[in-house]
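The structure appears below as structure tokens.
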Amino acid sequence: MTAELVRGQNHPVSQSRVEIRVSAGTPVLALASLADEQGRFSGDGILVHPGARSQPGVRSPGELAERHTFAVDLDEVAADVHRLGVLLVLPPGGPVRFGAVPASYVAVADPDGAELAGYTLTGLDAETAVVALELYRRQGAWKVRAVGQGYAEGLGALLADGGLPAPHAAELAAAALRTAARTAEADITLATMPTLVGDLRAPQTPAQAPAPAPEPPDPVVGHPYAGTSGPAPGGDTPASPPTISYAHPRRRRTSTEPPEPAPQAAAPQEPGQAPRPVAGDASGWSMEERLYNQVWGMFEDLARTVAAYRSAVEFADSRMDRELDEALSDPRHRLGGSGNAARDTARARREELVAQAQAVLDRDLAQLIAESQVVEPALPAAYARWDNPVWHGHRTPEESPLALRLGDLHLPERPDLRIPMLTRVPLERGLWIDNGRTGSEAAMTMDTDRLRRAAMDMAVALAVRLLAVHPADRFSVHVIDAAGAGSASLAPLVRAGVLAAPPAAGATGVTQTLARLTRRVDLVQMALRAGAPEDLPPDVDTADQLLIVHDFPHGFDDRAVTQLRYLADEGAAVGVHLLMIADRDEASAYGPLLDPLWRSLMRLSPVPDNHLADPWVHHAWTFEPDLPPQGSRVLDQALDRVVEARRTTRP
């Protein structure tokens, strides 16, 4: 069982070989520091970073990413090292402070994967570097301590606070960040690819072509969203090699520019009351980003308040059981007839504790419901339900969205409090809509045909949303429907003419579609590795691609399965995303061959299903898809606007 630590709390580490896992809400640089018994740094080998990834007993990850894993062998750590710290650093060009991103989670796990202790870094604000936790020696044994100590001035200040002279600390910090920058630029990720290839179509004047420049002192490092400097008005010269910016397209270009002012919370109506919630009062550089962070905060608040309530009830039950056992084991209660009174007292204490916990839960849930009531109507189309009025006036945007709504999440303590389930865009993982009947009780009550139709309808709704919230020329959709069983659900997409090609049917259609997208992945990968994205053949569509695969594995042979796995593994990094509608049990004929495929996809359900768990308190969240209201024409209207936008943007 995982020990959930709070700041300053420690926990014994019973094994010498462990993993330290980091899950951050944004790409961070994860480092390890080596210090003496007093926590002081000395010498050159005090930092394990991408340029020096190994020291005795510890090996750090070597790239900028949202998830990291350190391999640690405590028996091999040098005898003069008493503290091994895990440091998280925000890269320049990304978020300007930890308070603007979701809370990071750090865990110590055994080699088999079981977590021993975990810590969620809450309460951070202006910090850009933080000591998340540390492993330390105490009387010949190792323990882990949740630290959460942050530094607004960055990694250099953190190292200086550990005893390094300021010039040396600054030099070492710059070297670590510079190495991470080179790693990020050498491995262009999913986030940078759509913007990069999008610039191939944008004309630039000669003055805009990037000139060779020396290595900057403050490296620009990858961020999950990318933007580029656009063409000058009226530019009509042949395209030059695109410039790459790893900053969010809606973020300020320099950290000295202030963010857009956030709305202020209203004053409480009466003394002692909480302020009225305001949409967009979270941190962020734009209203869209603030709303995203606010929704994330609502999810965390609901998770923690329910966890606190369940923990209080569990404690009350445990104490009552203990007191009842003590009453029954005391001969005086059995002989004197006072056992009933002791039992009544124990139950009354239990009810009092539960009532107190329920009152706190009700208070917190009321505040979250009030916040949801003001946030939900303010959400942009990419985040909004299909019944939100924002869709009536929606127009195809000029920029890609920050995130996308997949559905809603809720807990049994308050099923009517729905938190939007948002996923960052571009999609880092493919999606799998499970149309099998073994997923949930709701699926078991539906007949197979209705369940398969519901899964396909959900896939079409997601495809329409993606088309509607992207610029008109920046997203393409392909469909494989080998048996033609999804034609009824696909009718809106086919009728609007927004598909890249007619739905592929039969084994031949499967082969041709997979070959076309596999070729695109290969060519774009080669062009990026060669540093010549402008040399792509003219028939390569540089827009993001979504491949919808219906009724897998019908129509797939071994070669097609291999190509599908290749697209799932390699496609996202170059803008090819996978959306599968399948029953895993039906694909069991392929044996363990497809297990890596299923694990790489995010499973969704077309009916309510509690298969999702959060990484903090491991609640089983019930997921419900977001579908258009019965009889609504919102999908057709959204597709009409996509068609109109494409007509006006094409020459």
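The values are calculated or read from the model by the stated rules, or taken from the named source; none is laboratory data. Just so it is clear, the model here is predicted, and its values are computed rather than measured. Here the Cβ is made from the backbone with ideal geometry for all residues, glycine too, and neighbour counts use every protein chain on show. Please note that ligands, DNA and RNA were not included when accessible areas were found on the heavy atoms of the full protein model with its side chains. Shrake-Rupley method; radii C 1.70, N 1.55, O 1.52, S 1.80 Å.
Condition test on ALA483, is it within 25 Å of THR511 (Cα to Cα), in contact with an Asp or Glu (Cβ under 6 Å, 6 or more places away or on another chain), of a type outside the set (S, T, N, Q) and in contact (Cβ under 8 Å) with a residue 12 or more places away in the chain?
When the stated conditions are applied, ALA483 passes them.
Identify all residues within the range 121-140 that are surrounded by fewer than 22 Cβ atoms within 10 Å (Cβ to Cβ), touching an Asp or Glu at 6+ places or on another chain (Cβ under 9 Å) and closer than 15 Å to TYR105 by Cα; write none if there are none.
THR122
Could you check how many residues of the range 156-167 are assigned to a helix (DSSP H, G or I) and surrounded by 15 or more Cβ atoms within 10 Å (Cβ to Cβ)?
Matching residues across the range 156-167 total 6.
Given SER23, SER16, SER33, which one is under 27 Å from ALA169 (Cα atoms) and either crowded, with 20+ Cβ neighbours inside 10 Å or in contact with a helix residue (DSSP H, G or I) (Cβ under 9 Å, 6 or more places away or on another chain) (or both)?
SER33
Looking at (1) open to solvent by less than 20 Å² (accessible area, probe 1.4 Å); (2) within 30 Å of LEU121 (Cβ to Cβ); (3) touching a Lys or Arg at 6+ places or on another chain (Cβ under 8 Å), can you tell me which one VAL617 breaks?
(1)
With the requirement that a residue be open to solvent by less than 10 Å² (accessible area, probe 1.4 Å) and farther than 16 Å from HIS478 by Cα, what does the range 545-567 give you?
Across the range 545-567, the qualifying residue is only VAL561.
State which residue is modelled with the highest pLDDT when the search covers only the range 607-651 and only residues that are of a type in the set (Gly, Ala, Ser) and either more than 18 Å from the chain's Cα centre (by Cα) or assigned to a helix (DSSP H, G or I) (or both).
ALA638
Go through (1) open to solvent by less than 30 Å² (accessible area, probe 1.4 Å); (2) out of contact with any helix residue (DSSP H, G or I) (no Cβ under 9 Å at 6 or more places or on another chain); (3) among the acidic types (Asp, Glu) for GLU289 and report which single condition fails.
Result: GLU289 fails condition (2) only.
Are any residues in the range 627-639 open to solvent by 20 Å² or more (accessible area, probe 1.4 Å) and touching a helix residue (DSSP H, G or I) at 6+ places or on another chain (Cβ under 8 Å), and if so, which ones?
If the condition is that a residue be open to solvent by 20 Å² or more (accessible area, probe 1.4 Å) and touching a helix residue (DSSP H, G or I) at 6+ places or on another chain (Cβ under 8 Å), then LEU627, PRO628, LEU635, ASP636, GLN637 are the ones that fit.
Which condition number in (1) open to solvent by less than 20 Å² (accessible area, probe 1.4 Å); (2) assigned to a helix (DSSP H, G or I); (3) at pLDDT 85 or above is the one that ALA146 fails?
All conditions are met except number (2).
Among the residues of the range 70-94, write down those that are in a loop (DSSP other than H, G, I, E, B), over 22 Å from GLU37 (Cα atoms) and either open to solvent by less than 30 Å² (accessible area, probe 1.4 Å) or of a type in the set (A, V, I, L, M) (or both).
LEU90, PRO91, GLY94
If we keep just the residues of the range 522-544 that are charged (D, E, K, R) and surrounded by 14 or more Cβ atoms within 10 Å (Cβ to Cβ), which is nearest to ARG565 (Cα to Cα)?
Checked the range 522-544; the qualifying residue nearest to ARG565 (Cα to Cα) is ASP544.
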